[in-house]
Structure formats: C-alpha cells, structure tokens
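Below: the structure, in structure tokens.
Nothing in this text is a laboratory measurement; each read-out follows from the coordinates by a stated rule. Owing to the predicted nature of the structure, the values given are computational and were not obtained by experimental measurement. Cβ placement follows ideal geometry from the backbone for every residue including glycine, while neighbour counts extend to all protein chains displayed.
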Amino acid sequence: MKKLINSTVVTVVSLVLVFCLVACGGPTVDKTGLWENATYLKDTELGKGANTCVAEVVVGDQKITFTVHTDKTTVGAALLEHGIIAGEEGQYGLYIKQVNGITADYDVDQSYWAFYINGEYAMTGADMTDIAEGTVYRFEYTK
C-alpha cells in the first residue's frame, strides 16, 4: 500500500511540473508601454544554420532573448534575416531604428538602440560584428 501511495504522489508531482513547464513557456514580458508594438513577448528560438547568435532585447526593466541559428556571419545579417532588427543604411553602416518591432528614433525623441557585446558597449555596429559562439549581444532601448 505504501508503494502505491509513493508512486501516486511521484506521478502527480511529475505531472504538475510538466504542466507548469508547458504552461509557462519561458520568460515573457508585459505588452505595455513600448512593448505594445513588440513582435515577440517571450524568449524565442529561430532558424537553422551553423552559427548561433544570442541577442537580448532590453526595454526598461523587461528583457527577452532571441537565439538565432543561421549561416550568416554577422550579428546584423542574422537578425535582419529573421526581421528582428530593421533600420537604414547610413555612412557608418546600418542605423538600427527598430528591434523586435519596437522603434527608437533619435530624431523624434532622442531615443536609440545601444548595442552591447557581453555587457560591454560595442565599438562596431551590429552589421560589422562577426558572430562568436558563446557571446551575448544586447540591444537596449536608451533615451
């Protein structure tokens, strides 16, 4: 009888854990403020390819992470390929105005997308930065 009770308890706990993992689906952000226009509201994995690019999008105190598998070699090309970033070509390369559907436009309200590599402010633009395995690239809405 004791074995039956133990087995039942273990089964119930296992089912509850599986349900929680499926229901939660990973970290999500609230669709409020600037996040109202966001394309993705939770951590997302996209694409297939030999290179893996991990990019965080940070707006205020909320953040999501993209894991992009691609055959592209630069961060900018990989994220453009999946529509995660958008912008316009300027004399210094790609000027990113939109990340994950969220627009930052310095000409309108002095906001811009700051680009970081492993927590350090990048000295190159995303379109000039080669993808390196194990590196985290962060786009942070700044005003």
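Observations, loosely collected:
- Considering region 71-92, and only residues there that are outside any loop (DSSP other than H, G, I, E, B) and acidic (Asp, Glu), the residue that is surrounded by the most Cβ atoms within 10 Å (Cβ to Cβ) turns out to be GLU81.
- Residue match in region 122-134 (condition: within 23 Å of GLN62 (Cα to Cα), loosely packed, with under 15 Cβ neighbours inside 10 Å, free of Cβ contacts under 8 Å to residues at least 40 places away in the same chain and in contact with a Phe, Trp or Tyr (Cβ under 9 Å, 6 or more places away or on another chain)): no
- Selection within region 29-40: residues that are free of Cβ contacts under 8 Å to residues at least 40 places away in the same chain and β-branched (Val, Ile, Thr). The member of this set that is surrounded by the most Cβ atoms within 10 Å (Cβ to Cβ) is VAL29.
- Residue that is nearest to ILE96 (Cα to Cα), among those in region 41-64 that are surrounded by fewer than 18 Cβ atoms within 10 Å (Cβ to Cβ) and touching a residue at least 60 places away in the same chain (Cβ under 8 Å): GLU56
- If the condition is being of a type outside the set (Gly, Ala, Ser) and part of a loop (DSSP other than H, G, I, E, B), then region 53-70 contributes only ASP61.
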